[in-house]
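Trainee: Handing you this structure, nothing more for now.
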Amino acid sequence: MEISYPSGLKEIQAVKSWARLHSPLPRAETWFLFLACLLLVALIGWIDWRVGWEISLFIFYALPIALASWYLGGVFGMVIAVLCSVAWWIAQASGNPYETDYGLALAFLNCVFYFGIVSLATVAVRKREASDLARIRVLEERRQLERDIVAVSEHEHQRIGRDLHDGLCQQLAAIGWAAQALAEDLRERGDPAAPDADLIGVSIQKAVTEARELAHGILPVHVDRQGLAVALGHLAATMSALTGAAITLEEGSNFRLDDPGKAMHLYRIAQEAVANALRHGGARRIGIHLNSQGGVLEMRIDDYGTGLDPVAFAEGNGMGLRTMQYRAQALGDCHFSISQRADGGTSVRCALQTPH
């Protein structure tokens, strides 16, 4: 089972390629365009009268109808459609193959009908384009919202990392020094509680180390170019030390990412995938793989735990999954997928297209 989350950028670009924005025309331009359509109807009608009934200019009447319907709306379009019918009737009145007036009258009604259809069809296409433009705006607003969510999440990560490193770690270190000083004083006095004070100091130093490792995981340093591999290696070592799981990093020789922002997104995706594998999958062995081939940078996190819950992942439940999806979309031309491994566990994959 594989669940893919392709980037929404291509979808927006595909719709934009044929749905263009047309703002309402000012009043002066509206009447100018309407006058131009009238002149075009008169010109086509005059040419139609000059060439006679043997050469039909029927199709050319659709041009002013389509222009008026597209830019001026259905009412103006229908007016031009009726005027085109009248112009055609005048052009054919002086000479036509009909033996009775009923034939010409019926042909005139046919013109009115088909020209009206042209106007209605043009208006329908214009409304469809307006609907597509509204869809584009919704997609762009959704993507902007996702970028804002990711930016807020990154800001909170950095704030918490700084607070841990500059606040809690410093306070714990100060308490550890105080515990060491207390232990030395107790030893000088020959107090039997000195070993207990030493044990407190050692425990506090371990807590300081763990807090610093957590701070570095939340706020990685130099996540750019080859630094992404360094940060992921540090993440693997830290999580291995904290959880006892075997977490390894395998980096391809050609892997290179020059964009620090994209590197940070990949780091956060890997961080969340590792956390999910440990917390939900009970994995004791996790592999982080970095590869580059054919203009595609691939990051894959394979775990050997219990695997994913198909229902939960299909419905997109969980903030962690949504955050990974948002970050993958923020990367741009990126294919993000989560699949079950054949030998158990879960595989999280990010394939990022790189410019040549």
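Trainee: Got a sec? Which of Val86, Val51 is under 16 Å from Gly116 (Cα atoms), in the same structural domain as Arg128 (by TED's automatic domain parsing) and either more than 53 Å from the chain's Cα centre (by Cα) or modelled with pLDDT of 90 or more (or both)? Lay out the reasoning, then the answer.
Mentor: On the way: Val51 fails: under 16 Å from Gly116 (Cα atoms).
Val86 is the lone residue from the list that is under 16 Å from Gly116 (Cα atoms), in the same structural domain as Arg128 (by TED's automatic domain parsing) and either more than 53 Å from the chain's Cα centre (by Cα) or modelled with pLDDT of 90 or more (or both).
Trainee: On to the next question. Go through (1) out of contact with any Gly (no Cβ under 8 Å at 6 or more places or on another chain); (2) at pLDDT below 85 for Ala121 and report which single condition fails.
Mentor: (2)
Trainee: Further question: Out of Ala134, Ala87, Ala107, Ala91, report the one residue that is part of a helix (DSSP H, G or I), of a type outside the set (Ser, Thr, Tyr) and either farther than 17 Å from Glu54 by Cα or touching a strand residue (DSSP E or B) at 6+ places or on another chain (Cβ under 8 Å) (or both).
Mentor: After applying the criteria, what remains is Ala134.
Trainee: Now for a separate question. Going residue by residue through the range 187-195, is there one that turns out to be within 30 Å of Leu249 (Cβ to Cβ), modelled with pLDDT of 75 or more, out of contact with any Lys or Arg (no Cβ under 6 Å at 6 or more places or on another chain) and not aromatic (Phe, Trp, Tyr)?
Mentor: No, the range 187-195 contains no residue that is within 30 Å of Leu249 (Cβ to Cβ), modelled with pLDDT of 75 or more, out of contact with any Lys or Arg (no Cβ under 6 Å at 6 or more places or on another chain) and not aromatic (Phe, Trp, Tyr).
Trainee: If you don't mind, another one. Give the residue that is farthest from Met324 (Cα to Cα), with candidates limited to residues of the range 258-281 that are touching a Lys or Arg at 6+ places or on another chain (Cβ under 7 Å) and among the charged types (D, E, K, R).
Mentor: First pass over the range 258-281, keeping only residues touching a Lys or Arg at 6+ places or on another chain (Cβ under 7 Å): 258, 265, 268-269.
In the following step, the residues that additionally are among the charged types (D, E, K, R) were identified as 258, 268.
Numbers: Asp258: 21, Arg268: 8 Å.
Out of the qualifying residues, it is Asp258.
Trainee: Go through (1) surrounded by 14 or more Cβ atoms within 10 Å (Cβ to Cβ); (2) modelled with pLDDT under 85 and name the single condition Ala237 misses.
Mentor: Failing condition for Ala237: (2).
The values are calculated or read from the model by the stated rules, or taken from the named source; none is laboratory data. Note that the coordinates shown come from a computational prediction; the quantities given were computed from them, not determined experimentally. Cβ sites come from the backbone with ideal geometry, for glycine too, and all protein chains shown count toward neighbours.
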